[in-house]
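Notes to accompany the following structure.
Derivation of every value follows stated rules applied to the coordinates shown; laboratory data play no part. All of these numbers come straight from a predicted model, not from anything done at the bench. Methodologically, a virtual Cβ is constructed for each residue, glycine included, from the backbone with ideal geometry; neighbour enumeration extends over all protein chains shown.
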Amino acid sequence: MPDDELLQRLRRFHLDAFPQYREQFQTLVSQGQNPTTLFIGCSDSRLVPYLLTGAGPGELFLVRNVGAFVPPYDGSYGHHGTAAAIEFAVLSLHVSRIVVCGHSHCGAIKALYGEVSPEARNLQRWLDLGREAVLPVQCCPEALRRTEQRAVVLQLERLMDYPMVRRGVEEGRITLHGWHYVIEDGEVHVFDVRTGDFVAASKADSSGTGPYPPYVEHDGQVLVD
Ligand SMILES: [Zn+2]
């Protein structure tokens, strides 16, 4: 997209789109935001949370990063943007749902099986957050799909290490939702904690519930103790 086209789009938004939302945004300013959902999604440009969920302004508190990863709650208290957003969403916004949304053809998951530029040192470190999901097999479309899904479950389990999340889940105030979005089908597959499967939203009983016990795959392998 040329720079000038970007400017045109900004002007078009202000002139054409914003008037339709003016009252809604002004209410959201005067009364403040009250989103019910923390959505942790991959940064991939093909994942469009507002399209998937039909959400409008003020409904989703969004955190996006490479891979839709959740950093460990390890007491390091650094410049951890995703961890800070989780704390804010739970402790200040009192969200009732946390969604972790991975997707098909995820570059972060693919990178776990390949090379990353040696100059991308932050990225290399960041990808460690998905490494436990990697399968000891040759990289192929099926392995990638399973790894993408396993990575989502891994992040849900890591979320439960955040004391404010665990408290909310155990007290029934927060539900956790693991999603895998298949871009080419336009369908989210929802993690079903009872079966350990990801079920297409068209066939699923719910959009996901927590808490999540250790995840056991069909072959009996425990992903995380
Ligand atoms: Zn991705």
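Qualifying chymotrypsin sites (Phe, Trp or Tyr not before Pro) in segment 1-103, where qualification requires a DSSP coil assignment and no more than 11 other C-beta atoms within 10 Å, comprise 77. Please identify which residues in segment 126-148 have an amide N closer than 18 Å to a label point set 7 Å out from the Cα of residue 200, following the Cα→Cβ vector. The answer is 142, 145-146, whose backbone nitrogens lie closer than 18 Å to the label point.
Going 7 Å from the Cα of residue 18 in the Cα-to-Cβ direction, what parts of segment 38-70 have a backbone nitrogen less than 12 Å from that spot? So the set is empty, nothing qualifies.
Given that compact globular proteins tend to follow 2.2 N^0.38 Å, what is the ratio of the alpha-carbon Rg of segment 122-167 to that value?
Details: Rg = 12.6 Å, N = 46, 2.2 N^0.38 = 9.4 Å.
Normalised Cα radius of gyration, segment 122-167: 1.34.
To the nearest ten degrees, helix 81-91 and the longest principal axis of the Cα atoms of the chain are 70 degrees apart.
Express the relative contact order of segment 33-200 as a whole percentage, based on alpha carbon pairs under 8 Å and six or more residues apart in sequence. Can you show the working numbers first?
On the way: 265 pairs, mean separation 41.3, N = 168.
Once divided by the residue count of segment 33-200, the mean separation gives 25 percent.
Simple spin-label estimate for residue 27 and residue 142 gives 5.1 nm between the two label positions (7 Å along the Cα-to-Cβ direction from each Cα). Between the helical axis of 3-12 and the longest alpha-carbon principal axis of the chain there is an angle of about 60 degrees.
Full extension of the chain between residue 1 and residue 76 gives 23.0 nm of extra length, using 0.36 nm per residue less the Cα-Cα distance.
Basic side chains Lys and Arg get +1 at the Cβ, acidic Asp and Glu get -1 at the Cβ, and with that the dipole of segment 33-200 about its Cα centre reaches some 180 debye.
Counting Cα-Cα pairs of the chain in 5 Å increments starting at 0 gives whole-percent bin shares of 1, 6, 13, 17, 19, 16, 12, 8, 5, 2, 1, 0. Take the Cα of residue 121, step 7 Å toward its Cβ, do the same at residue 43, and the gap between the two points is 1.8 nm. Result for the chain in a Gaussian network model with C-alpha springs under 10 Å: among 157, 115, 170, the largest mean-square fluctuation is at 115.
In a fully extended conformation the segment linking residue 166 and residue 207 would gain 12.9 nm over its present Cα-Cα distance, using 0.36 nm per residue.
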